[in-house]
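Structure record follows, encoded as structure tokens.
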Amino acid sequence: MKQAAILPIFFIEDRGKTFFESVTSMGFEGIMAKQMDSLYLLGKRSDSWLKMKPKKSAICHVVGYTKGEGYRNLLGALLIAQHRQNRLIDRGRVGSGISTKTLGDLLGILRPLAEKNGVTRVDPNLQIEVTYFEETEGGHFRFPVFKRIVS
């Protein structure tokens, strides 16, 4: 079982952004921001306490997409990859952050090559920017969010 670290509790009332940047630059995961008068609720989430972690950004190639549901039945998530040492490295899927307008733009730009088992492979020329928190051991992005079409 993983041991929890016990750290002294202190707080910063002002210059929160500077504090956040300082803490994350030292390699810590992030900070907790809370309303000063709020109580800790054991085992419950609260809008009064927010975990703040830094986001990373990456430019990726779209190599395919999956079908979705509802109004997004034509495109659920984009399959993304990055060039490393003259080959494409799988970074996973991203579906969050794609607006209805961008969904239409993507469907107009993507050029399907083949479809198999609900996955449509496309020409990997389209690049997008995504943000994410970290990489898994397998190299996939954790909590990726679509930001914009690059080219």
If you scan segment 44-86, which residues turn out to be in the same structural domain as Leu106 (by TED's automatic domain parsing) and of a type in the set (Asp, Glu)? Glu69
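Confirm whether Asp14 is of a type in the set (D, E, K, R) and more than 28 Å from Gly138 (Cα to Cα). Lay out the reasoning, then the answer.
Working: of a type in the set (D, E, K, R): yes; more than 28 Å from Gly138 (Cα to Cα): yes.
Yes, satisfied.
Restricting to segment 76-90, name every residue that is free of Cβ contacts under 8 Å to residues at least 24 places away in the same chain and not small (Gly, Ala, Ser).
Step one: filter segment 76-90 for residues free of Cβ contacts under 8 Å to residues at least 24 places away in the same chain, giving 76-77, 83-87.
Of everything in segment 76-90, those that are free of Cβ contacts under 8 Å to residues at least 24 places away in the same chain and not small (Gly, Ala, Ser) turn out to be His83, Arg84, Gln85, Asn86, Arg87.
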Quick test of your reading of the structure: Phe146 fulfils all but one of (1) touching a Lys or Arg at 6+ places or on another chain (Cβ under 8 Å); (2) part of a strand (DSSP E or B); (3) under 30 Å from Phe28 (Cβ atoms). Name the failing condition by number. (1)
Consider only pairs whose beta carbons are under 8 Å apart and that are at least six residues apart or on different chains; among these, list those whose first residue lies in segment 47-75 and is under 14 Å from Phe133 (Cβ atoms) and whose second residue is among the basic types (Lys, Arg) and at pLDDT 95 or above. Ser57/Lys147; Ala58/Arg91
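With respect to Ile89, determine if the residue is surrounded by fewer than 15 Cβ atoms within 10 Å (Cβ to Cβ) and under 22 Å from Val145 (Cα atoms). Spell out the reasoning first.
Details: surrounded by fewer than 15 Cβ atoms within 10 Å (Cβ to Cβ): yes; under 22 Å from Val145 (Cα atoms): yes.
When the stated conditions are applied, Ile89 passes them.
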Which members of segment 22-43 meet the condition of being surrounded by 13 or more Cβ atoms within 10 Å (Cβ to Cβ), without any contact (Cβ under 8 Å) to a residue 12 or more places away in the chain and not in a loop (DSSP other than H, G, I, E, B)? Ser22, Val23
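The values are calculated or read from the model by the stated rules, or taken from the named source; none is laboratory data. Please read these numbers as outputs of a predicted model, since none were measured by experiment. No Cβ is skipped: glycine too gets one built from the backbone with ideal geometry, and neighbour counts run over all protein chains shown.
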